[in-house]
Number of protein chains: 2
Amino acid sequence: MSEILSPEQLEAALRDIGARRYHNLHPFHRRLHGGQCARDEVRAWALNRYCYQAAIPIKDATVMTRMPDAGLRREWRRRIVDHDGNAPGEGGIARWLRLTEGLGFDTAYVESMRGILPATRFAVDAYVRFCADRSLLEAIASSLTELFSPQIIGERLSGMLAHYDFVSPETMAYFTMRPPQAAQDSAFALAYVLEHARTAEQQQACLDALTFKTNVLWVQLDALWHAYVDGHIPPGAWRPQTGEGLR
Amino acid sequence: MSEILSPEQLEAALRDIGARRYHNLHPFHRRLHGGQCARDEVRAWALNRYCYQAAIPIKDATVMTRMPDAGLRREWRRRIVDHDGNAPGEGGIARWLRLTEGLGFDTAYVESMRGILPATRFAVDAYVRFCADRSLLEAIASSLTELFSPQIIGERLSGMLAHYDFVSPETMAYFTMRPPQAAQDSAFALAYVLEHARTAEQQQACLDALTFKTNVLWVQLDALWHAYVDGHIPPGAWRPQTGEGLR
């Protein structure tokens, strides 16, 4: 790309990446919300996704280390509050643990992250590193997958509640709380990117950052499918047959 | 683990990790050297493995940044010479490019790393980061997969030459050169680890480092299988049908 895009064109290009590469297009997502997942597949998804959830406040603190402006940090700090809460048992991570608990997992096992697929860990670590190593603009742009998350969360919530008797509105509370937070966060991040990506190079870097982030999400579902749908569980990862990690 | 192992016990424990988790046990390896891979599967393997090969001297330079001792650095420097050579066209990376060229790839395409599976890149980056972030002892221990590589390389070389008419001794030169280098490198690294891992914690850290490294290798073959054997190619990765990257 060599021409500078208007803000409208840049937003359209960012949304186009979502339309082509967001993980709502992945077969595992369709299988999950369509009710075709076995309970152990849902468990494996929730267990591995915990690794991602747990890294998000660390990622956001990493982004904040790049922000020289208190106002910007205050805005970004809300994300950490959303995930960590204000007291034990509050916040998005605690709500995720209610899901894994509802699915039968021992919480200490989930928190230990033993049994996580190595591919999950590598992808999550790559995301945190990206936010440490790249420009602040790219770090913020990489968060823009949240533009697309309210829809996927809506599909997941209704689909999973309709199809699986082993989840409930209580254990799915994460997904009830998340869409308004994601909408607020992504509106801020989008406005920031549209304002600060002024050169063609900066704009391309933002598009690449969002593409990178879609890869981070996609890789996790590829690994779940390969391990738990196709049955090629790699050495050391959670094995449903053993009852490992379950209460 | 709480007891301190003797050097012999530590070596046995390290070799046991190889016996249980090295990627010669992965179905893709068996498929590759057993002659069951389609040409495009071999191409995808060579293309993605280039990403790993190209990162090795960067990994080794990263390890050298941790070494205060010139003698140690001189020993480790040999690895970089082996991969980068002394002139254009020499060294392990150049020999790997002879393989991808022999398989029909445009070298500029391979070097660009467009088309690499995101899972490959995340795993390779995780390895380089590991060697930057962990102790020197752990970084050296993570190289010990080379203890097991002469055997896998032998299987690959003979199996691939016997089964595929699209590889030749010339394009497979990487594998002829590599075993004596790997044997020398891993003998040094093993002696270093056995000498310096003196506490139970250090020994466990070395075992964990080697386990981590086996994950780095295993994840790459899992991703190849999912994408190119099972046909779930993720967005942006090399698509054989398009002729992309081929001469």
Any hit, segment B:30-40, residues being under 24 Å from B:Ala126 (Cα atoms) and crowded, with 20+ Cβ neighbours inside 10 Å: no
Filter result (in contact with a helix residue (DSSP H, G or I) (Cβ under 8 Å, 6 or more places away or on another chain) and of a type in the set (D, E, K, R)) within segment B:8-51: B:Glu11, B:Arg15, B:Arg21, B:Arg31, B:Asp40, B:Glu41, B:Arg43, B:Arg49
Residues located in segment B:234-247, provided they are under 13 Å from B:Trp45 (Cα atoms) and within 12 Å of chain A (Cβ to nearest Cβ): B:Ala237
Hits in segment B:1-57 (condition: among the acidic types (Asp, Glu) and either free of Cβ contacts under 8 Å to residues at least 60 places away in the same chain or over 12 Å from B:Leu221 (Cβ atoms) (or both)): B:Glu3, B:Glu8, B:Glu11, B:Asp16, B:Asp40
Unique match (being under 30 Å from B:Val193 (Cα atoms) and touching a Ser or Thr at 6+ places or on another chain (Cβ under 9 Å)) among B:Arg43, B:Arg15, B:Arg21: B:Arg21
Subset of segment A:1-11 (residues that are among the small types (Gly, Ala, Ser) and farther than 15 Å from A:Tyr192 by Cα): A:Ser2
Positions within segment A:89-117 being hydrophobic (A, V, I, L, M, F, W, C), touching a Lys or Arg at 6+ places or on another chain (Cβ under 8 Å) and surrounded by fewer than 17 Cβ atoms within 10 Å (Cβ to Cβ), in sequence order: A:Met113
Residues located in segment B:41-74, provided they are of a type in the set (Asp, Glu) and surrounded by 17 or more Cβ atoms within 10 Å (Cβ to Cβ): B:Glu41, B:Asp60
B:Thr214 being of a type in the set (Val, Ile, Thr) and facing chain A (nearest Cβ under 10 Å): yes
Tally, over segment B:217-233, of residues that are more than 7 Å from chain A (Cβ to nearest Cβ) and in a loop (DSSP other than H, G, I, E, B): 2
Test: residue in segment A:141-159 that is within 18 Å of A:Asp69 (Cα to Cα) and not acidic (Asp, Glu): yes
Pair list, Cβ under 6 Å, 6 or more apart: segment B:158-173 residue at pLDDT 95 or above, other residue assigned to a loop (DSSP other than H, G, I, E, B): B:Met160/B:Val167; B:His163/B:Gly35
Candidates B:Phe166, B:Phe105, filtered to the one that is more than 14 Å from chain A (Cβ to nearest Cβ), of a type in the set (A, V, I, L, M, F, W, C) and in contact with a strand residue (DSSP E or B) (Cβ under 7 Å, 6 or more places away or on another chain): B:Phe105
Hits in segment A:161-206 (condition: in contact with a Ser or Thr (Cβ under 9 Å, 6 or more places away or on another chain) and among the small types (Gly, Ala, Ser)): A:Ala182, A:Ala183, A:Ser186, A:Ala189, A:Ala200, A:Ala205
Of all residues making up segment A:116-156, the number that are more than 23 Å from A:Asn215 (Cβ to Cβ) and within 14 Å of chain B (Cβ to nearest Cβ): 0
Residue match in segment A:83-97 (condition: closer than 22 Å to A:Tyr174 by Cβ, in a helix (DSSP H, G or I) and acidic (Asp, Glu)): yes
Selection count, segment A:157-211, where residues are in contact with a Lys or Arg (Cβ under 7 Å, 6 or more places away or on another chain), buried (at least 16 other Cβ atoms within 10 Å of the Cβ) and not in a helix (DSSP H, G or I): 1
Test: A:Val42 is at pLDDT 95 or above, of a type in the set (Val, Ile, Thr) and under 20 Å from A:Gly231 (Cα atoms): yes
Helices (runs of 4 or more DSSP H) fully within segment B:1-81 counting 2 or more residues that are over 19 Å from B:Gln203 (Cα atoms): B:27-33, B:39-64
Hey, B:Thr120 touching a Cys at 6+ places or on another chain (Cβ under 8 Å), surrounded by fewer than 20 Cβ atoms within 10 Å (Cβ to Cβ) and either farther than 25 Å from B:Glu170 by Cβ or of a type in the set (Gly, Ala, Ser) (or both) or not: no
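The values are calculated or read from the model by the stated rules, or taken from the named source; none is laboratory data. Being a predicted model, the structure only gives us computed values, none of them experimental. Cβ coordinates were reconstructed from backbone atoms using ideal geometry, including for glycine residues, and neighbour counts include every protein chain displayed.
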